[in-house]
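Remarks on the structure that follows.
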């Protein structure tokens, strides 16, 4: 039986906003939701100690053990949809944030690789899947904008070097 694999660099990331910062997050169906200790410290998030029933230890895909620092409740903004979730804070985590199987199942996430789209909360929000090389092509509005169907509006956005630009946003359907 042939084995099919896909590199995690080939489009398994979405952008989520935590507090004031956009964070590129890995979607990992074989992991628990984790955040790097560095990101938690940078955002000044309150980290609490783990309790009975929490994860005691975590392992990477290659079998090495990760050091759990604690846990933290965060409010993640997915294109205007705010989702509170508890994440495990891990020392020396390669990714800033991993959205694991617990997050994916609790929030009815559907990953569509053919369309390169992630659907959250019963298709309430759709996000593009991104790869590590897509970073310079990402366009993000400077604030959340709601467009009426069959309309257009001017909105500020940032791209690449993070300079604000004015652009027209279009809505169909």
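At-a-glance table
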quantity: Test: residue in region 63-77 that is farther than 22 Å from residue 37 by Cβ and either at pLDDT 90 or above or in the same structural domain as residue 20 (by TED's automatic domain parsing) (or both); calculated: no
quantity: The lone exception for residue 44 - which of (1) part of a loop (DSSP other than H, G, I, E, B); (2) touching a helix residue (DSSP H, G or I) at 6+ places or on another chain (Cβ under 9 Å); (3) closer than 23 Å to residue 143 by Cα it fails; calculated: (2)
quantity: Total residues in region 103-132, condition in a helix (DSSP H, G or I) and buried (at least 16 other Cβ atoms within 10 Å of the Cβ); calculated: 2
quantity: Odd one out for residue 74 among (1) closer than 15 Å to residue 23 by Cβ; (2) in contact with a helix residue (DSSP H, G or I) (Cβ under 6 Å, 6 or more places away or on another chain); calculated: (2)
quantity: Which numbered condition residue 52 fails, given (1) at pLDDT 90 or above; (2) out of contact with any strand residue (DSSP E or B) (no Cβ under 6 Å at 6 or more places or on another chain); calculated: (1)
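Let's see how each residue does on (1) modelled with pLDDT of 70 or more; (2) under 29 Å from residue 105 (Cα atoms); (3) outside the structural domain of residue 76 (by TED's automatic domain parsing):
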residue: 127; (1), (2), (3): yes, yes, no
residue: 130; (1), (2), (3): yes, yes, no
residue: 146; (1), (2), (3): yes, yes, yes
residue: 154; (1), (2), (3): yes, no, yes
residue: 165; (1), (2), (3): no, no, yes
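The values are calculated or read from the model by the stated rules, or taken from the named source; none is laboratory data. As the structure is a prediction and not an experimental result, all values here were calculated from the model. Neighbour counts run over all protein chains shown; Cβ positions are idealised from the backbone, glycine included.
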